[in-house]
Ligand SMILES: Nc1nc2c([nH]c(=O)n2[C@H]2C[C@H](O)[C@@H](COP(=O)(O)OP(=O)(O)OP(=O)(O)O)O2)c(=O)[nH]1
């Protein structure tokens, strides 16, 4: 099972979502930014590394929120979501073609990566 981390970054009741660039797996789908955990890395380190690689922003990981698993048929992921805050930098797009700050209600109108529907449902119950 592939372990993936995702950052939940909240600003005035809106959450940061990013649209995966067309050429990537699940291209065009919206997600919480993050990626696969590398060998010998903690989930927190993975979130911070991915956010820097993807947007050139520095973040601090506050706490683990929820973990879900999803079976994409050809691969299975464990998706761990962490509450994060941006501490330094302005967003620059590298792996995504767009970012958006959305309320949990607005997120429902966006085409999410399949695993994220369950993640958003869980977030609704705790945030
Ligand atoms: N980052 C992220 N990935 C997600 C989410 N939901 C979801 O199904 N995924 C899937 C998409 C990918 O199959 C996998 C994450 O891989 P990735 O391609 O973003 O990670 P990476 O940057 O480490 O990968 P790579 O391109 O270097 O191989 O998890 C989500 O909310 N955030």
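Each value in this text was obtained by applying a stated rule to the coordinates, not by laboratory testing. Model, not experiment: these values are computed from the prediction. As a convention, Cβ positions derive from the backbone with ideal geometry for all residues, glycine included, and neighbour counts pool all protein chains shown.
Pairs of Cα atoms nearer than 8 Å and 6+ residues apart set the relative contact order; for the chain it is 33 percent. Full extension of the segment from residue 45 to residue 14, taken as 0.36 nm per residue of separation minus the current Cα-Cα distance, would add 8.8 nm. Remark: the residue 108-residue 52 segment gains 17.5 nm on full extension, using 0.36 nm per residue and subtracting the alpha carbon distance. Each part gets one Cα centre, and for segment 63-83 versus segment 1-34 those centres are 12 Å apart.
Here the residues 66, 4, 47, ranked from fewest to most Cβ neighbours within 10 Å of their Cβ, fall in the order 66, 4, 47. Whole-percent P(r), the chain, all Cα pairs, 5 Å bins from 0: 2, 11, 22, 27, 23, 12, 2, 0. For segment 1-58, just say rounded, prolate or oblate: build the C-alpha gyration tensor, square-root its eigenvalues into a ≥ b ≥ c, call rounded for a/c under 1.5, and beyond that prolate if a/b exceeds b/c, oblate if not. It comes out oblate by the Cα gyration axes.
Applying 1/(1 + (r/R0)^6) with R0 = 30 Å to the Cβ-Cβ distance of residue 22 and residue 67, what FRET efficiency is obtained, to the nearest 0.05? Efficiency at R0 = 30 Å is approximately 0.60.
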